[in-house]
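Q: If you scroll down you'll find the structure; I have some questions about it.
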Amino acid sequence: MTAPKALVAGNWKMNGLKASASELSKLNTLIQEKGAKCDVLICPPYTLINTFVSLNAKNVSIGAQDCHMNMSGAHTGDISAEMICDLGCEYIIVGHSERRADHGESNEIVKAKAVAAQSVGATAIICVGETIEQREAGQALQVVTTQVKASIPDSAKVENTIIAYEPVWAIGTGHTPTTGDVEEVHQAVRDVLQSRFGDAGRNIRILYGGSVKASNALELMSVKNVNGALVGGASLKADDFYGIISAYDKIG
Ligand code: PGA
């Protein structure tokens, strides 16, 4: 059975100004000239989505980093999935650990956001991951599978759902789990997806995220059931990000 086509996604977090559009243009040109064996996505801050979509960079999809669970109404400062979709985005990240921690987002809220994203035709990238305390207490598998079960809506399909396993302690720290640990968690997520969604569960992409960079991408992306990467810091510069994308040139 062939693995689903990989996705390398960049999460710019709260970084980037209008001038950063040059990095998207550069990335698009790099892919145009040198190719990419995976799908490529950039999720800039909301303020740049329109600029980035308008650049019409054919080799790079544009997504958002979060959405509100409701489509409209009295939610000052929030952005709905419909608004994001209206700009031409196809992907919305939900449940990133920084949202779960900084904004108290529960699995129930994450699930409602995933439903909102899917209901406007976008693919929800649902993030899960354990803290260092949980890993050291031997609870990583249990924490992650519980998050997956509780955060994924029944409406999940191959076309509208991606899971991103991001150990909280690996995000922005330069630390990564061993490939054995990554394989163990991704297999556990795969098992949950398969038992709940059958064939679709076999093909829903599971990304790894947390300190992915060009120098470790090949090793991490070669792990069984790793179907791509969610990249923070190393996605901000086109050359660094392309270094991760090009790891797929070597993966059969
Ligand atoms: P990082 O972030 O690549 O900077 O560790 C990953 C993420 O939070 O998505």
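No value in this document is a laboratory result; all are computed from the given coordinates. Only a predicted model underlies this, so the values are computations on that prediction, with no experimental measurement involved. Reconstructed Cβ throughout: ideal geometry from the backbone, glycine too, with neighbour counts over all protein chains shown.
Q: Would you mind checking which residues have amide H under 5 Å from residue 94's amide H? H placed 1.01 Å from N; only 5 or more apart, or other chain.
A: Hits under the 5 Å cutoff: 125, 126, 127.
Q: Report the full-extension gain for the segment residue 103 to residue 56: residue separation times 0.36 nm, less the Cα-Cα distance, to one decimal in nm.
A: The residue 103-residue 56 span can extend by a further 13.7 nm.
Q: May I pose another question? In nm, what is the difference between 0.36 nm times the number of residues separating residue 191 and residue 18 and their Cα-Cα distance?
A: Length gained, residue 191 through residue 18: 58.0 nm.
Q: When a/c reaches 1.5 or more, the comparison of a/b and b/c decides; with that in mind, is region 1-74 rounded, prolate or oblate per its Cα gyration tensor?
A: Oblate is the answer for region 1-74, as a/c is 1.5 or above yet b/c matches or exceeds a/b.
Q: Describe numerically, in nm with one decimal, the distance between label points set 7 Å from Cα along Cα→Cβ at residue 249 and at residue 2.
A: 2.2
Q: While we're on this one: What is the gain in length, in nm to one decimal, between residue 133 and residue 237 on full extension, counting 0.36 nm per residue of separation less the C-alpha to C-alpha distance?
A: 34.2 nm
Q: Right, next: Is region 45-166 rounded, prolate or oblate when judged by the Cα gyration tensor, a ≥ b ≥ c being the square roots of its eigenvalues, rounded requiring a/c under 1.5 and prolate requiring a/b larger than b/c?
A: prolate
Q: Checking the a/c ratio against 1.5 first, then a/b against b/c, what shape does the Cα gyration tensor give for the chain?
A: Taking the square roots of the gyration eigenvalues as a ≥ b ≥ c, the chain is rounded.
Q: For residue 157 and residue 32, FRET efficiency with R0 = 22 Å and r from the beta-carbon atoms, rounded to 0.05?
A: The calculated FRET efficiency here is 0.10.
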